[in-house]
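The values are calculated or read from the model by the stated rules, or taken from the named source; none is laboratory data. If you're wondering where the values come from, they're calculated on a predicted model, not measured in any experiment. Every residue, glycine as well, gets a Cβ built from its backbone with ideal geometry; the counts of neighbours run over all protein chains shown. The area values use the complete protein model at the heavy-atom level, side chains included, leaving out ligands, DNA and RNA. Shrake-Rupley method; radii C 1.70, N 1.55, O 1.52, S 1.80 Å.
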Amino acid sequence: MERVQEFYFSPTLIIGLGGTGQKVVRRVKGRLREAFGDVPIIRYLVIDTDSTANQPGEEPLEDYERVEMRGFDLNQVVENLSRFPSIQKWWPAPGLKPGFIRGGAPQQMRCAGRLALFSKYSDFIPKLREAASALAEIENYTKTEEMSTPEKRYIVERGEEGVPIMAKVFIILSLCGGTGSGILLDVAYLCRYLLQDLHPRINVMAVLPTALDTIPTIRRTTIIRDKNRANTYACLKEIDHFLSNPRWVCLYPDGASVEVSAPPFDFMYMVDLHNQKGERLNSIDDICEMIASAIFLSTGLPTAREIERQDTISHITLAQVQGKFRAYSSVAITSLIFPKERILDYCSAKMAEALIREGFLQGSESSSVKIKKSDVEQAVSAFLGEAHLRAEDVMSELRSGRQVFITKKSEILRSQDAANALRLLTEQEEDNRNQRQEQANLIKEKAASLLEEAKEALERRVLDEVKERGLHFAALFLETLTREPQPGEVGVTTTSLLGLRRRIESEGVPEEALKKAEGSYTKAKSQLKAFEGNTFWKVIRFISKSWWQRKLKGHISNCLTNMEEANGRAIDIEAQRRALDLYNALVMEAKRLLSSLAQVRQKLMIAAEKLSAEAEDKLKPPSAMEGVYELATEVVDADYIMRYYEEKAISIDLPTAFRGFAQSLPDTRVAQLEMRSEKDYINRLKEYAAGYFREGLERIRLLDLLSERAPEEIERQFQKLISHCEPFCRYNKAGLGEEPEPIFVSIIGVEDKGDLRIPERYRNEAISTGLRHRIDALRAFHGIPAFLISDMREYKGCYEREKRRGVDPLHIGQGWDRFEDIFPELKREARDIFALALAFDFIVQIGEWYYFDPDRKYKEKGIRLPVENRLAQGREKAEEAFIERDDIVSKAMELIEEEITRKGNEAIISFLEQKIEENEGKIRERPTSDLREFWERDIEAFKRKLKALQG
């Protein structure tokens, strides 16, 4: 008996911001649903300025899980800010027009993203409140625990009065665009505010700009690429501020003033394209998959473990490096998997191919099934009998009830003389012609009805044969039905429609018979007429009237007999004509069906080839690209997959399986079979075939497979998983100096953490996922300040250039651009001395090079300075070289103080004020200059010195 697995759940809210966040949320929801079902205390919400509509192939989201912030003119809001006090309070640039948001991100403008949230606040906040309320409802905790089964026990950890110890919030976004990074702080603080009674642990999963560089449109566009980096820097600058000043006060459109005294998040995981080992993820989809897996594993982490983890790492995340909090983390996921889907795809493709070759195409050259000619003959003969298509049956149906009646027969027989009889016979002839035409029309109608019935019966029979014995048998059936009869093969046993036709032609009433009957009638009528005018019989009429009358009756009867014979022959011949036409039409129909079957056969042959190629492709292991991180490693190879199929296929009765599939097709016409594409046949066959393998594959456990190998294999695989995991965020390790390195923590997701086969050293890191086909390893590090993240200098450069352009304020609050920089002020005093020394001409620029000139020889006397006085080329490098030379810094400081003493405070104050004005003028004249950053820093240095001089 299997032990009961325990699964721990906390109230959890998973929020996706922007396109990246939406992708991840859908994946997480799919993973959690697969593992646990719809857990009432796990809620989802996506917020985007683009469409959130469900697309085919995506995990669907309910309406209450989606917020679309689009379809309105933000310019209208900006132009009427006085009507929107909650927006006016923070709007960073009154003259800015963010544009019209419809079906896309707000032109990468963060302030436009936040404006969209405030403008659509009445759509957004009810859904966030509803999700937050659901996490607090005791009823949902009970419903979650009631989802337990005899094998699985669902546990909602609770504290006093049944209230959970902690709620979890995951917020996923890209830091690059306008939507996610524009609304992150609002969403995070609103979650803190609404969930304050549940003590929320807020985890932010943020994608860095280099990850989005994999998208071709971004990779090719420098403007977008640089703007992504500028937005990221602006967002992190704001986050750093609220980490150092953990208090949020904001007035929202519903009139609520939200005040929270806490940092915006507990953990912020930065996800980059590369890790510290130099490995890279292949695409943004890989990044989304990795984040989704990380959230999936973290969702199942017991509360005690969550708190323990928080306590373990808080001492480093709350510590500082050069005055900056070590608040940032990163994560990596890798998995060991039994490739159930790949094996299922292989098996279903192989069996689908077999269903075609040994089912639909049975009896063909490539099939092991052979068709007996006698079986085909028997099937055709049975069909002709069942469909009443033998010659005697068809003629009987057409002839039945068809007759020309001599309506004047009694009157003609009562005629007292030949003249009256002849007159009546002539009248009857006209009536006969009318009746013959009427009967011919009825025969035609009956023939048309029989033809339609025969066509229906034929198509039904052909479909039945296709579904029972395959296309080849059905084609032979039709070929037999339409073949030319052999000499002498026109008897009752013929199985050819053309043979039946020929039988009617050879054994039926010939046209001459009608002509003969009509000739006999004409002759009889002439004899009657001659009798009337014969002198002898006129005499006899007076001598022996009874004799004359007998003779008259004999002539009349002869006329009527021959008339009846001619009428019968006319009906027979009309029925024969229609029978021949029916057989001709059936032959044409059979040939049409034969042509359709040929098309179906061609499509199925192509489908079989494609399925064969697909199966071969499924045997190829996932290609490992050099330098690309493997998100998953499979534990079986091609030999295992082929062996698995062969073992299972032996027990499958293929003919029965084929008939089962064929009968499941809804097609009632051969034309419907013909209209199906190769792709449709492939998909239907694979889906049907998968049913023979899916249940068996579902029962396979990865740990069982590993246990069948060497005793140390499980230990080796676990070690390999953990060592492979290197979090995806590069950082400047040397920048930590003497500070402790980041703390690493691991989670291993297994089907059942209580399984004793899990190596003892990893049991404390294990959590139960209920997933028997995979083992997931998560490894995270904590304790990196933002300024040490790789490429942050580049982000800052893009940020400064974008600021100088002056188009986008980058920030989402008034004055937020003045928040303290991400980078610590390294040797600020030394940098201030550099700026002052430059102003006092103790540092001079000659061409592109900067020199230290303590005696001001160059400025005052034009004397060329020696190489040893050279600092570096360019302002930035020269400043860096200067601050690293303590001897020069001390000398420059000494010279500046001597200058102040010599000239006096007032003169120096005036001098510095003048320098400030000069630099401000340069900024006005050249706002986009690369030197603007240095002019602004010089101004700040001069102001600090002024403040010191003014006491």
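Structure summary
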read-out: Solvent-accessible surface ranking, highest first, for Met270, Met642 at 1.4 angstrom; value: Met642, Met270
read-out: Dipole in debye (nearest 20) - the chain, about Cα centre, beta carbon charges: Lys, Arg +1; Asp, Glu -1; value: 4000 debye
read-out: Accessible surface of the chain, 1.4 Å probe, proportion on carbon and sulfur as whole %; value: 48 percent
read-out: Cut-off 15 Å between beta-carbons: net charge of the residues surrounding Val39, Lys and Arg +1, Asp and Glu -1; value: -3
read-out: Cα-based equivalent ellipsoid, region 815-881: semi-axes from gyration tensor eigenvalues, Å; value: 28, 12, 10
read-out: CD proxy at 222 nm, helix term only [per DSSP H run n ≥ 4: -39500 (n - 2.57); per residue of the chain; nearest 500]; value: -18500 deg cm²/dmol
read-out: Gained length - Thr901 relative to Glu507, 0.36 nm times residue gap less alpha-carbon distance; value: 127.7 nm
read-out: Alpha-carbon centroid distance for the pair region 48-62 / region 654-682, whole angstrom; value: 33 Å
read-out: Amide H contacts under 5 Å for Ala766, placed H, 5+ residues apart; value: Ile748
read-out: Using a Förster distance of 25 Å, the FRET efficiency for Ser723-Glu616 (Cβ separation, nearest 0.05); value: 0.15
read-out: 22 Å Cα-Cα threshold exceeded, pairs from Lys350/Lys467; Lys796/Lys877; Lys827/Lys947; Lys803/Lys922; Lys618/Lys753; Lys143/Lys168; value: Lys618/Lys753
read-out: In Å, descending, principal axis extents of the Cα set of region 377-474; value: 73, 20, 14
read-out: Charge dipole (region 785-829, unit charges on Cβ, about Cα centre) - positive-most of Met792, Val807, Phe819; value: Val807
read-out: Region 115-169 versus region 922-951: alpha-carbon centroid distance in Å; value: 52 Å
read-out: Stokes-Einstein D for region 319-364, Kirkwood Rh over Cα pairs, 25 °C, 0.890 mPa s (µm²/s); value: 157 µm²/s
read-out: Kirkwood estimate for region 572-623, i.e. one over the average of 1/r between Cα atoms, Å; value: 14.6 Å
read-out: Cα-centre dipole for region 783-837 with unit charges at Cβ (Lys and Arg positive, Asp and Glu negative), debye to 20; value: 140 debye
read-out: All lysines inside 24 Å of Lys444 as judged from Cα atoms, apart from same-chain residues fewer than 8 positions distant; value: Lys455, Lys515, Lys591
read-out: Per residue accessible area in Å² of the chain, where ligands, DNA and RNA are left out and the probe is 1.4 Å; value: 46 Å²
read-out: Full-stretch length increase - Ser374, Ile155 - with 0.36 nm per residue and alpha-carbon distance subtracted; value: 72.0 nm
read-out: Two-site label geometry, Ser544 and Arg643: point separation in nm, points 7 Å out along Cα→Cβ; value: 11.5 nm
read-out: In sequence order, calculated HN-Hα J values of region 760-772 (Karplus, 6.51, -1.76, 1.60; Hz; x Gly/Pro); value: 4, 5, 10, 5, 5, 8, 8, 10, 7, 10, x, 9, 7
read-out: Estimated FRET transfer efficiency when R0 is 25 angstrom, pair Leu756-Asp38 (beta carbons, to 0.05); value: 0.20
read-out: Dipole magnitude (debye, nearest 20) for region 779-880, charges at Cβ of Lys, Arg, Asp, Glu; value: 200 debye
read-out: Sequence-distant residues sharing a close amide H with Met268 (under 5 Å, placed H); value: Val204, Ser329
read-out: Loop-located trypsin sites (Lys or Arg not before Pro) in region 1-99, at most 16 other Cβ atoms within 10 Å (DSSP); value: Arg3, Lys89
read-out: Cα centroid separation - region 546-608 against region 823-848, whole Å; value: 115 Å
read-out: Table column - 3J(HN,Hα) (Hz), region 231-236, Karplus curve with 6.51, -1.76, 1.60, x for Gly and Pro; value: 4, 4, 5, 4, 5, 5
read-out: Cβ-based charge dipole, the chain, positive-most Cα from Cys176, Ile650, Leu721; value: Ile650
read-out: Region 165-206 - Rg over Rh from alpha carbon coordinates, Kirkwood radius; value: 1.02
read-out: Gain upon complete extension [Ser707, Gln672; 0.36 nm per residue less C-alpha separation]; value: 7.5 nm
read-out: Two-site FRET efficiency, Ile909 against Lys861, from Cβ-Cβ distance with R₀ of 35 Å, rounded to 0.05; value: 0.80
read-out: Equivalent ellipsoid dimensions for region 579-696 as semi-axes, Å, which come from the Cα gyration tensor, largest first; value: 41, 18, 11
read-out: Modelled label reach - Glu438, point 7 Å along Cα→Cβ, region 394-412 residues with backbone N closer than 14 Å; value: 402-408
read-out: All lysines inside 18 Å of Lys409 as judged from Cα atoms, apart from same-chain residues fewer than 8 positions distant; value: Lys525, Lys529, Lys551, Lys553
read-out: Largest to smallest principal axis extent of the C-alpha atoms in region 450-540, angstrom; value: 84, 30, 14
read-out: Calculated P(r) of the chain - Cα pairs past 50 Å, %; value: 51 percent
read-out: Approximate shape of region 1-102 as ellipsoid semi-axes (Cα gyration tensor, √5λ), whole Å, largest first; value: 39, 16, 9
